[in-house]
1. Within region 68-88, which residues are modelled with pLDDT of 90 or more and surrounded by fewer than 15 Cβ atoms within 10 Å (Cβ to Cβ)?
2. Is at least one residue of region 92-112 in a helix (DSSP H, G or I), under 16 Å from the mean Cα position of the chain (by Cα) and at pLDDT 95 or above?
3. Test each condition in (1) closer than 28 Å to residue 93 by Cα; (2) in contact with a strand residue (DSSP E or B) (Cβ under 9 Å, 6 or more places away or on another chain) for residue 133 and report the one that comes out false.
4. For residue 158, all conditions in the list (1) surrounded by fewer than 17 Cβ atoms within 10 Å (Cβ to Cβ); (2) at pLDDT 90 or above hold save one; what is the number of the exception?
5. Return a yes/no flag: does region 128-141 have any residue that is under 22 Å from residue 59 (Cβ atoms), touching a helix residue (DSSP H, G or I) at 6+ places or on another chain (Cβ under 8 Å) and either surrounded by 12 or more Cβ atoms within 10 Å (Cβ to Cβ) or at pLDDT below 90 (or both).
6. Taking region 169-187 on its own, how many of its residues are over 17 Å from residue 125 (Cα atoms), surrounded by fewer than 18 Cβ atoms within 10 Å (Cβ to Cβ) and touching a helix residue (DSSP H, G or I) at 6+ places or on another chain (Cβ under 8 Å)?
7. Looking at the structure I just gave you, is residue 189 farther than 17 Å from residue 136 by Cβ, more than 16 Å from the chain's Cα centre (by Cα), touching a residue at least 12 places away in the same chain (Cβ under 8 Å) and not in a helix (DSSP H, G or I)?
8. Based on this model, can you work out whether residue 26 counts as modelled with pLDDT under 85, under 21 Å from residue 168 (Cβ atoms) and not in a helix (DSSP H, G or I)?
């Protein structure tokens, strides 16, 4: 069985949740960023994003907190810009910018268990829209990254327009259940970072 990773599969410090904005919301956010003093985490994440782009990865800039919250369109652009091997090589080369601003500590058992709650809510929402996914799962990865997703992808595997509809449904449900905010809070509490 193939797992269905969410777009939250990235550095847990820089959770790539899917809470991006579109249209005029992006302009307002950009204006707010321009006037706000930037934190060390933001500057490090911005350098990481620039480094990734310099290596051919269509990586977006972070939010004001230094987190990456990707929209489905940004996810597609990133996947289309490189192979998984190229993305991994770029991440390995660029991670140096994040050192000292991110925790590379794996999530604790308690945090992984707590993250299952928001994932169960996401599964219920997706089921309500006609998509069946497997059991929620959280897995520690290298350099403090964690994967949040399900142990089984929807079958048959969607492609083309069906895949775009699935991604749109996932994005809608992630917003409804406030997935990225809840996961961010769990990760930050586990790492003693607070808000």
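The values are calculated or read from the model by the stated rules, or taken from the named source; none is laboratory data. All of these numbers come straight from a predicted model, not from anything done at the bench. Note that each Cβ is placed from the backbone with ideal geometry, even for glycine, and that neighbours are counted across all protein chains shown.
1. 80, 83, 84, 85, 86, 88 - these are the residues of region 68-88 that are modelled with pLDDT of 90 or more and surrounded by fewer than 15 Cβ atoms within 10 Å (Cβ to Cβ).
2. Yes: one or more hits.
3. (1)
4. Looking at each condition in turn, residue 158 falls short on (2).
5. Within region 128-141, none of the residues are under 22 Å from residue 59 (Cβ atoms), touching a helix residue (DSSP H, G or I) at 6+ places or on another chain (Cβ under 8 Å) and either surrounded by 12 or more Cβ atoms within 10 Å (Cβ to Cβ) or at pLDDT below 90 (or both).
6. Residues meeting the conditions: 0.
7. No; evaluated as a whole, the condition is false for this residue.
8. Considered against the rule, which asks whether it is modelled with pLDDT under 85, under 21 Å from residue 168 (Cβ atoms) and not in a helix (DSSP H, G or I), residue 26 comes out as no.
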